[in-house]
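J.: Sharing a structure, written as structure tokens. Questions coming.
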Amino acid sequence: MSKLFRAVILGPPGSGKGTISERVASIFGLQHLSSGDFLRQNITANTEAGILAKAYIEKGALVPDHVMTRLMLPRLEEMTRHSWLLDGFPRTLAQAEALNSACDLDVVISLNIPLETLKERLRHRWIHPASGRVYNMCFNPPRVQGVDDITGEPLIQHEDDKPEALVARLRHYKDVAKPVIDLYRAKGILHMFSDTETDRIWPYVSSLLSAKIPTDHADAQRATTH
Ligand SMILES: Nc1nc2c(ncn2[C@@H]2O[C@H](COP(=O)(O)OP(=O)(O)O)[C@@H](O)[C@H]2O)c(=O)[nH]1
Ligand SMILES: Nc1ccn([C@@H]2O[C@H](COP(=O)(O)OP(=O)(O)O)[C@@H](O)[C@H]2O)c(=O)n1
């Protein structure tokens, strides 16, 4: 069996993790595991973890480490036969250490986007709450203003994407993420990308993954997903 590929994408809210992950999933055939989407599914399904997490997310706070690891590690267990790209987890050093003890990562992609750009993007970000689909009224608008392309249901804006909550949230992200980035840098698997546009970062991410992902594996994954 060809070797499985394990990657993590790190970056502040609005840095383009979801956007890049979707491209990686469709082009390289990796499973995109978004902890934010998984949290939202758990909230909708009223699971124990979902009920716990909801109170934190509504306040714009981070969900505690033990809740996140109890949610995500079993999810990764289910994926032992797949290659994946993990988006949104780990967010803290404790989460990174828990992930370390569960699996070996091949690559960590870290998105370094200027604060002004993040603020501008998140101001325009709207989501379809049931699916987690993300739109940007400038960069990636829905086909019909204000409604989801697939279901036609209304889009909403996260409380914590509204300008008042944003700056504090982005500052806090930086403090919490620094030791996680340092850990992966020390392991020699960190690849940092800096720009204001996803479309300019994408070619570099794509060539990194082309070089790292075994070709037979990428072909095999694509064959099973198409
Ligand atoms: N203007 C602009 N918006 C972008 C770009 N890349 C992503 N976005 C939008 O910025 C918002 C945040 O992107 P997302 O992928 O959700 O970031 P995440 O929070 O890191 O997962 C979304 O509304 C995206 O559609 C870009 O290069 N330019
Ligand atoms: N490891 C994680 C991932 C998400 N979350 C929470 O879930 C929310 C949505 O996560 P997300 O990854 O979809 O969105 P952003 O990081 O773009 O805000 C975050 O704003 C956090 O409140 C968390 O607390 N810990």
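J.: Order Leu62, Leu76 by their accessible area, 1.4 angstrom probe, all chains in place, largest first.
T.: Details: Leu62 60, Leu76 15 Å².
Largest accessible area first, the list is Leu62, Leu76.
J.: Rolling a 1.4 angstrom probe over the protein chains, ignoring ligands and nucleic acids, what is the accessible area of Ser35 in square angstrom, nearest 10?
T.: 10 Å²
J.: Rounded, prolate or oblate, given the Cα gyration tensor of region 35-160, with a/c below 1.5 counting as rounded?
T.: Numbers: a/c = 1.75, a/b = 1.47, b/c = 1.19.
Here region 35-160 falls in the prolate category.
J.: Still on this model: What does a probe at Ala130 reach in region 41-84, counting residues whose amide N is under 13 Å from the point 7 Å along Cα→Cβ?
T.: Taking a point 7 Å out along Cα→Cβ of Ala130, the residues of region 41-84 whose backbone N falls under 13 Å are 44-45.
J.: Work out the length of the dipole vector of region 3-73 about its Cα centre, built from +1 on the beta-carbon of each Lys and Arg and -1 on the beta-carbon of each Asp and Glu, and round it to the nearest 20 debye.
T.: Details: 8 positive and 5 negative charges, 39 e Å.
Here region 3-73 has a charge dipole of around 180 debye.
J.: Can you tell me the dipole magnitude for the chain around its Cα centre, using point charges on the Cβ only (Lys, Arg +1; Asp, Glu -1), in Debye to the nearest 20?
T.: 240 debye
J.: When a/c is below 1.5 the answer is rounded, else prolate if a/b is larger than b/c, else oblate, so apply that to region 94-226 with a ≥ b ≥ c taken from the square roots of the Cα gyration tensor eigenvalues.
T.: In terms of gyration-tensor shape, oblate.
J.: Moving to a separate point now. Spin-label point model (7 Å from Cα, Cβ direction): what's the Arg123 to Arg23 distance in nm?
T.: My value for the distance between the label points is 2.4 nm.
J.: Among Gly36, Val180, Ala25, flag the residue with its Cα farthest along the positive direction of the charge dipole of the chain, charges on Cβ as +1 for Lys/Arg and -1 for Asp/Glu.
T.: Val180
J.: Based on a Kirkwood Rh over C-alpha pairs, give the Stokes-Einstein translational diffusion coefficient of the chain at 20 °C and viscosity 1.002 mPa s in µm²/s.
T.: Details: Rh = 18.2 Å.
For the chosen part, D equals 118 µm²/s.
J.: For region 1-61 and region 144-162, compute the distance between their C-alpha centroids and round to whole Å.
T.: One Cα centre to the other: 18 Å.
J.: Between Ala94 and His66, what length in nm is gained on full extension when 0.36 nm per residue of separation is reduced by their alpha carbon distance? Provide the component values of the computation, followed by the final result.
T.: Numbers: separation 28, 0.36 × 28 = 10.08 nm, distance 0.88 nm.
Length gained, Ala94 through His66: 9.2 nm.
J.: Suppose every Lys and Arg Cβ carries +1 and every Asp and Glu Cβ carries -1, with no other charges. What dipole size does region 56-167 come out with about its Cα centre, to the nearest 20 debye? Mind dumping the intermediate values first?
T.: On the way: 12 positive and 17 negative charges, 38 e Å.
Dipole size: approximately 180 debye.
J.: Moving on to the next point. Quick one: grab the alpha carbon gyration tensor of region 1-71, order the square roots of its eigenvalues as a ≥ b ≥ c, and give me rounded if a/c is under 1.5, else prolate or oblate depending on whether a/b is larger than b/c.
T.: Prolate is the answer for region 1-71, as a/c is 1.5 or above and a/b outweighs b/c.
J.: May I pose another question? Please list, ordered by chain and number, the residues whose modelled amide H lies under 5 Å from the amide H of Val147; skip anything fewer than 5 residues away on the same chain.
T.: Under 5 Å from the amide H of Val147: Leu155.
J.: A further question on this structure: In sequence order, what are the phi-derived ³J(HN,Hα) couplings for region 125-134 according to the Karplus relation 6.51 cos²θ - 1.76 cosθ + 1.60 with θ = phi - 60°, rounded to whole Hz, with x for glycine and proline?
T.: Using θ = phi - 60°, the values come out as 8, 10, 10, 9, x, 5, 9, x, 4, 10 Hz.
J.: Only helical DSSP H runs with n ≥ 4 go in: add -39500 (n - 2.57) per run for the chain, normalise by residue count and round the 222 nm mean residue ellipticity to 500 deg cm²/dmol. Before the final figure, lay out the partial values.
T.: Values: 9 runs with 116 residues, N = 226.
Here the helix-only value at 222 nm equals -16000 deg cm²/dmol.
The values are calculated or read from the model by the stated rules, or taken from the named source; none is laboratory data. Given the structure is predicted, the values throughout are model-derived calculations rather than measurements. Cβ: placed from backbone, ideal geometry, glycine included. Neighbour counts: every protein chain shown. To get the accessible areas, we keep the full protein, side chains included, count just its heavy atoms, and leave off ligands, DNA and RNA. Shrake-Rupley method; radii C 1.70, N 1.55, O 1.52, S 1.80 Å.
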